[in-house]
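Down below is the structure, laid out as structure tokens.
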Amino acid sequence: MNIVNNLYLSKIISILGFLFFLVLINFIITRFIFEIFKKILLKKEISDQGRIETIHKLIRLIIKFILLIIFLFYLSQQLKIDINTFLASAGAVGAVLIFIFQNILKDFVAGWFFIIDDIFRQNEEIIINGTIRGRVINFTYRYLILKNDNSIIFIPFNQINTVENLSRIKK
């Protein structure tokens, strides 16, 4: 019984150690890549803090997603879960999931294009679809989050047709 407890304890310590390692890697890689992008943006004379914050958030999201996948594979290995069967059936399951979650995927893809195309940045004043006005306070995988005088508004990216950026209008 004591051997079994030690085995479980060693697995738990190993998993927690690997998780700590990934958190540390996340911090180091995020800072390193962000500094590289910051230097590139400054060379291109893009010193707008909003753009830099937006790119930093995008980098953090990508790195967290990759490290989560790595952790799940490590966890399955430590718990002796055979993922070969899972990976073999992932194609069929993936097709079904894409069909079920197509709106979420549309939000995700549209959001990436809005961010990459630099349509808006954090702290910019924008008007969405000609009716919703607010300041960009955040964005997630699925939503653009605006704040106006009355409330905080969550807008799914796939419902955004037009964006009028009031912060970039030259006076």
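The values are calculated or read from the model by the stated rules, or taken from the named source; none is laboratory data. No experiment lies behind these values; they were computed from the predicted model shown. Cβ placement follows ideal geometry from the backbone for every residue including glycine, while neighbour counts extend to all protein chains displayed. Heavy atoms of the whole protein, side chains included, go into the accessibility calculation; ligands, DNA and RNA do not. Shrake-Rupley method; radii C 1.70, N 1.55, O 1.52, S 1.80 Å.
Per-structure values
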| read-out | value |
| --- | --- |
| Reported label for calculated mean projected area of the Cα convex hull in nm² given (1) 9.6; (2) 18.9; (3) 14.6 | (3) |
| Distance violations [Cα-Cα > 22 Å] among Lys64/Lys147; Lys38/Lys64; Lys11/Lys80; Lys11/Lys57 | Lys64/Lys147; Lys11/Lys57 |
| Mean ellipticity per residue at 222 nm, deg cm²/dmol - from DSSP H runs of n ≥ 4 across the chain, formula -39500 (n - 2.57) | -21500 deg cm²/dmol |
| 3J(HN,Hα) from dihedral phi, region 124-133, Karplus parametrisation 6.51/-1.76/1.60, rounded to Hz, x for glycine, proline | 8, 8, 9, 10, 9, 6, x, 10, 9, 10 |
| Carbon plus sulfur fraction of accessible area for the chain, probe 1.4 Å, in percent | 67 |
| Residues of region 90-104 with amide N under 19 Å of the 7 Å Cα→Cβ point at Ser76 | 90-98 |
| Highest average packing first - 87-98, 59-70, Cβ atoms within 10 Å | 59-70, 87-98 |
| Per-residue HN-Hα couplings for region 22-38 [Karplus 6.51, -1.76, 1.60; θ = phi - 60°; Hz; x = Gly/Pro] | 5, 5, 5, 4, 4, 4, 5, 5, 4, 5, 5, 5, 4, 5, 5, 5, 4 |
| 1.4 Å probe accessible area per residue over region 71-171, in Å² | 67 |
